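The values are calculated or read from the model by the stated rules, or taken from the named source; none is laboratory data. Keep in mind that this is a model prediction, so the values were computed, not measured. We place every Cβ from the backbone using ideal geometry, glycine too, and count neighbours over all the protein chains shown.
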């Protein structure tokens, strides 16, 4: 799928990593970039008590936040060097309680576009060497250029 996509910026990975480092939200969650490839980004997140809901599962808001970032950065890998990315819409399907030792959020570009891109996301809970799909996301992104208040 995304392996056929060619990035417009040869330094896309460095650009994604620099932008990710600026995200206070990802830092708050303890999320890290595990993999950056053209049209695909993987973010990992450890389980932490302060990120749970009342039953001890990772809160749906945390799942949504990390999955949105994985999708956004997947699209960002294919954007021009002078572009920034903003999510304009997403829908999440919560398939199972987010219960695990850690989580893997995968964003994969379905259709890149000059201004609008479509990306799919999958969230996996990892527990004792097993992986379980706990959420999917459909995400629409906007390529932003020429704005001083939206960069990188």
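Checking every residue in the range 57-72 against the condition of being surrounded by 23 or more Cβ atoms within 10 Å (Cβ to Cβ) and over 30 Å from residue 151 (Cβ atoms) gives at least one match. Comparison of 72, 100 shows that the only residue that is over 23 Å from residue 9 (Cβ atoms) and at pLDDT 95 or above is 100.
Just one of the listed residues (25, 13) is assigned to a helix (DSSP H, G or I) and under 18 Å from residue 123 (Cα atoms), and it is 25.
Is it the case that some residue within the range 51-63 is assigned to a helix (DSSP H, G or I), in contact with a helix residue (DSSP H, G or I) (Cβ under 6 Å, 6 or more places away or on another chain), touching a residue at least 24 places away in the same chain (Cβ under 8 Å) and closer than 21 Å to residue 19 by Cβ? Looking through the range 51-63, at least one residue is assigned to a helix (DSSP H, G or I), in contact with a helix residue (DSSP H, G or I) (Cβ under 6 Å, 6 or more places away or on another chain), touching a residue at least 24 places away in the same chain (Cβ under 8 Å) and closer than 21 Å to residue 19 by Cβ.
Checking each residue in the range 96-152 for being farther than 25 Å from residue 38 by Cβ and out of contact with any strand residue (DSSP E or B) (no Cβ under 9 Å at 6 or more places or on another chain) picks out 128, 129, 130, 148, 149.
Just checking, which of 76, 20, 5 is more than 24 Å from residue 132 (Cα to Cα), touching a strand residue (DSSP E or B) at 6+ places or on another chain (Cβ under 8 Å) and crowded, with 22+ Cβ neighbours inside 10 Å? Answer to the check: 76.
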